[in-house]
1. From A22, A9, A29, which residue is modelled with pLDDT under 85, farther than 30 Å from I112 by Cα and surrounded by 11 or more Cβ atoms within 10 Å (Cβ to Cβ)?
2. Tell me, which strands (runs of 3 or more DSSP E) lie completely within the stretch 55-150 with 3 or more residues that are free of Cβ contacts under 8 Å to residues at least 24 places away in the same chain?
3. Looking for whichever is hydroxyl-bearing (S, T, Y) and modelled with pLDDT of 95 or more here; the options are Y71, Y52. Which one fits?
4. From the set of residues in the stretch 46-77 that are exposed (fewer than 15 other Cβ atoms within 10 Å of the Cβ), of a type in the set (A, V, I, L, M) and more than 14 Å from the chain's Cα centre (by Cα), which is nearest to T105 (Cα to Cα)?
Amino acid sequence: MTTFERRAAIASVVALLAASVAGAQREPAGDTPRFVGTWRLVSNTQTGIMIYDSLGNMAAQAMPNRVRRKYAVPEPTPEEAKDAITGYLAYFGTYSVDEQARTITHHRKGNINPGGVNDDVVRTYVFESNDRLVLTPAGSTNTIVWERAR
């Protein structure tokens, strides 16, 4: 192969790589990447946070907006423990998005509720804006509104 032929081959490869990268940048990304980040629960009755990462991991915590007593001693009494956990939601796992059905599924691997370990919860989703996400549990009309944390 002559020097000219080598240079022409290299130039062709560079042009093809540049075209594929430019083409990939122009394609719409879809909804899945829009979930990535930290979300703050918008509600009068609960405070919460939900985090999605780009590797498909997620975690969520929510607690009721109510007065919660401090433990009198390091180990809570049964009544104090019950009061602390009642209404508290916390779980983590992975997630998957079905953009056609407009659903997100949380695949829960750990959960404060032992009955919710290794189960899936499906929610329909609507992005009202880049910073506002509305989730509705499957079979429910109760909407859960989240805003992107800044």
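The values are calculated or read from the model by the stated rules, or taken from the named source; none is laboratory data. Quantities reported herein were computed from a predicted structural model and do not represent experimental measurements. Methodologically, a virtual Cβ is constructed for each residue, glycine included, from the backbone with ideal geometry; neighbour enumeration extends over all protein chains shown.
1. A9
2. Fully inside the stretch 55-150 and qualifying: 103-111, 119-129, 132-137.
3. Numbers: Y71 fails: modelled with pLDDT of 95 or more.
Just a single option satisfies the conditions, and that option is Y52.
4. Ranking the candidates gives V67 first.
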